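These notes concern the structure reproduced below.
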Amino acid sequence: MNKLSLIPNKTDIARQGALTARYGCAFEYNDFFSPQVLADPQKQEEIIAYYRGLGRDFSQDTIHGAFLDVTIHSSDPLIRDASMLRIRQSMEIAERMGVRGVVFHTGRLGRFRNAGYLKNWQECNAAFFTEIAEQFPQRQIFMENMFDEAPDVLAGLAERMKKVENFGVCLDYAHAIISGCPGREWMEALSPYIRHMHINDNDLTNDQHRPVGSGRIDWEEFDGLIQEYGISPSVLVEVNGYPAQEESLEFMRQHGIYPMRKGAV
């Protein structure tokens, strides 16, 4: 399995193709989470046809699923049904492309710790994503922390779903770092369930998607935590554009940051 992936940009695909070949990267497609694309079947067909035209093997790739305004735990049936529709559309696109998996967001209100709200969020997500996992058994489902303030709620969902073989956590390390909860606590709580990760850099305050190594995140600590907790997830270097991708990968190579460690890729 490819341990690294990048976000493709159709306007610079030749250079990105060479970069993925150099570092052994897969692609994670950000083309399909837009509500405008999900509402336009013709546009979906055009995007899929474009990527198929590259002659790629999609089996190691992933896509980012719908997340904007997606609230499957909503008490409003119209909002809930629309959210579930968008998630099913994302899975259907993944099925047609033959990608490895799909990333979704928790979609919960960050820092809202009402016990009833958290219980409802966990129950609704467990029931719905268990059903989706059964309907799409060949696709991995990765649940990503967005602006969650701590890992406990996501860890609780993952524990409830631990017998669902194609469900796991996508730890966005940059999101975790700006949450106010230490990266170690995120890694410790979620390590049994982490199958995929997103990384980029920031100033420890805002989600900036800067090249890895250009901000204030301690990447040696990140690499140490990966080793300490014995996990080996795939990693999306979640920065946009060839220059930022190349800068990130070169930094990771020079400093031996997972999965650029010798023998880790």
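Cut-off 10 angstrom, C-alpha nodes, Gaussian network model of the chain. Which of Ile72, Ile132, Ile47 fluctuates the most?
Among Ile72, Ile132, Ile47, the largest mean-square fluctuation in the Gaussian network model of the chain belongs to Ile47.
Using C-alpha positions alone, give me the convex hull volume of the chain per residue in cubic angstrom. Walk me through the numbers before you get to the answer.
Working: hull volume 31.8 nm³, N = 265.
It comes to 120 Å³ per residue, whole-number rounded.
Return the single residue from Asn114, Asn202, Asn30 with maximal mean-square fluctuation; model: Gaussian network over the chain, springs between Cα atoms under 10 Å.
Taking springs between Cα atoms under 10 Å, the residue moving most is Asn114.
Long-range amide H contacts for Asp207: which residues qualify at under 5 Å (H placed 1.01 Å from N, peptide plane, sequence gap of 5 or more or a different chain)?
Result for Asp207 returns nothing.
Suppose we keep just the DSSP beta bridges with both residues in the chain; what percent of those would be antiparallel, to 5?
Bridges in the chain that DSSP calls antiparallel: roughly 5 percent.
What is the set of long-range amide H partners of Ile194 at a cut-off below 5 Å, with H atoms built 1.01 Å from backbone N?
Answer set, sorted by chain and number: Val169.
Once fully extended, how much extra length lies between Ala14 and Asp152, figured as 0.36 nm per residue of separation less the alpha-carbon to alpha-carbon distance?
Between Ala14 and Asp152, full extension yields an extra 45.5 nm.
Measuring from label point to label point, each 7 Å out along Cα→Cβ, what is the Glu95 to Ser34 span in nm?
The modelled label-to-label distance comes out at 2.5 nm.
Say we join alpha carbon atoms closer than 10 Å with springs in a Gaussian network model of the chain; which of Leu204, Leu190, Leu68 then has the biggest fluctuation?
Between Leu204, Leu190, Leu68, it is Leu68 that shows the largest mean-square fluctuation.
Starting at the first residue of the range 169-181, write each ³J(HN,Hα) from the Karplus equation 6.51 cos²θ - 1.76 cosθ + 1.60 with θ = phi - 60°, in whole Hz, x for Gly and Pro.
Each residue of the range 169-181 in turn: 9, 9, 7, 8, 5, 5, 4, 4, 5, 8, 6, x, 9 Hz.
Would you list, by chain and number, the lysines whose Cα falls below 26 Å from the Cα of Lys119, excluding same-chain residues fewer than 8 positions away?
Those lysines meeting the cut-off are Lys162, Lys163.
Counting only C-alpha contacts under 8 Å and six or more residues apart, can you give the relative contact order of the chain as a whole percent?
17
Only the coordinates and a few stated rules stand behind these numbers; no lab work does. Note that the structure is a prediction, hence the values are computed from the model and not measured. Virtual Cβ from ideal backbone geometry, glycine too; neighbours counted across all protein chains shown.
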